[in-house]
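Chemist: Attaching a single structure in structure tokens format; questions to follow.
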Amino acid sequence: MKKVLFVLIIVVAGLVFWWQFSKEGNMPVTNFEECVKAGNPVMESYPRQCRHGNQIFTEYIGNELEKTDIVRIDSPRPNQVIQSPLTITGEARGYWFFEASFPVVLTDWDGKIIAQGIATAKSGWMTSEFVPFEAMITFAVDKNAYSNKGTLILRKDNPSGLPEYDDALEVPVVFAGSTGLPQACTQEAKICPDGSAVSRTGPNCEFAECPKTEEVPVE
């Protein structure tokens, strides 16, 4: 009876703790997205900035500002929600291409490649001026993935293979139809044979394993 009462106390304490910190006002703010969700003011600069108390969080837009004089993307824009098939348009200087094309890669949150394609020049590429390009890729995303964010990478074509000539534009994107949120497990407890308790955990909210006990042979 005492063990059951002890478990109930732990469960109640966990629920109180969760309730306190799930309220919007008490949620910790560590990045731009959390700052916006907390209802803080957003400055319409580029990239956007959000103020939380005396802290300022800047929206991540990849390395677009660093590459703007070499390659530019019109669609999708940084942090835009995308779905398959995806049409990619923009412009790049002629030396970004080789044989009028360059590779395009789409990765998920973990950096795993989920799609690849080729962007082709829409006009003559033998120039140092900007040349419009277009690409189309198809992809599939795990709807139960930990995060609904990914990265679209436009790679400079480098036929030499030498790393010093590598370059890329990285654009953060958001996948449509993916929650991008870890599943919240219910605050239940399971009593183990030794009297201890374990809670639900992991992506499938299964009970954690009970401590292993050595079986004593019966003589």
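The values are calculated or read from the model by the stated rules, or taken from the named source; none is laboratory data. It should be emphasised that the depicted structure is a prediction, and the values quoted were computed from it without experimental measurement. Cβ placement follows ideal geometry from the backbone for every residue including glycine, while neighbour counts extend to all protein chains displayed.
Chemist: Taking ASP110 as the residue in question, decide whether it is among the acidic types (Asp, Glu), assigned to a loop (DSSP other than H, G, I, E, B) and loosely packed, with under 15 Cβ neighbours inside 10 Å.
Modeler: yes
Chemist: Right, another one. Could you tell me whether THR58 is in contact (Cβ under 8 Å) with a residue 12 or more places away in the chain and either surrounded by fewer than 20 Cβ atoms within 10 Å (Cβ to Cβ) or in the same structural domain as ASN31 (by TED's automatic domain parsing) (or both)?
Modeler: Criteria met by THR58.
Chemist: Ok, one more. Can you name every residue in region 1-55 that is over 24 Å from the mean Cα position of the chain (by Cα), modelled with pLDDT under 85 and either assigned by TED's automatic domain parsing to the domain that holds CYS192 or among the polar types (S, T, N, Q) (or both)?
Modeler: Passing the criteria: only GLN20.
Chemist: To continue, here is another question. Go through the residues of region 151-168 one by one and say whether even a single one is without any contact (Cβ under 8 Å) to a residue 60 or more places away in the chain and either in the same structural domain as THR30 (by TED's automatic domain parsing) or touching a Pro at 6+ places or on another chain (Cβ under 8 Å) (or both).
Modeler: Checked against the condition, which is being without any contact (Cβ under 8 Å) to a residue 60 or more places away in the chain and either in the same structural domain as THR30 (by TED's automatic domain parsing) or touching a Pro at 6+ places or on another chain (Cβ under 8 Å) (or both), region 151-168 yields at least one hit.
Chemist: Oh, and also: For SER123, indicate whether it is assigned to a loop (DSSP other than H, G, I, E, B) and without any contact (Cβ under 8 Å) to a residue 24 or more places away in the chain.
Modeler: When the stated conditions are applied, SER123 passes them.
Chemist: Regarding SER84, is this residue under 22 Å from LYS149 (Cβ atoms) and either surrounded by fewer than 16 Cβ atoms within 10 Å (Cβ to Cβ) or among the charged types (D, E, K, R) (or both)?
Modeler: Judged against the criteria, SER84 is not a match.
To keep it simple, each residue is scored yes or no on (1) part of a loop (DSSP other than H, G, I, E, B); (2) modelled with pLDDT under 95.
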| residue | (1), (2) |
| --- | --- |
| SER160 | yes, yes |
| GLU170 | no, no |
| CYS185 | yes, yes |
| ARG200 | no, yes |
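Chemist: Residues that are out of contact with any Phe, Trp or Tyr (no Cβ under 6 Å at 6 or more places or on another chain), surrounded by 13 or more Cβ atoms within 10 Å (Cβ to Cβ) and over 24 Å from GLU66 (Cβ atoms): does region 150-167 have at least one?
Modeler: Checked region 150-167: no residue is out of contact with any Phe, Trp or Tyr (no Cβ under 6 Å at 6 or more places or on another chain), surrounded by 13 or more Cβ atoms within 10 Å (Cβ to Cβ) and over 24 Å from GLU66 (Cβ atoms).
Chemist: Here's something else I'd like to know. With respect to SER84, is the statement that it is over 23 Å from the mean Cα position of the chain (by Cα), part of a loop (DSSP other than H, G, I, E, B) and hydroxyl-bearing (Ser, Thr, Tyr) true?
Modeler: Against the criterion (over 23 Å from the mean Cα position of the chain (by Cα), part of a loop (DSSP other than H, G, I, E, B) and hydroxyl-bearing (Ser, Thr, Tyr)), SER84 does not qualify.
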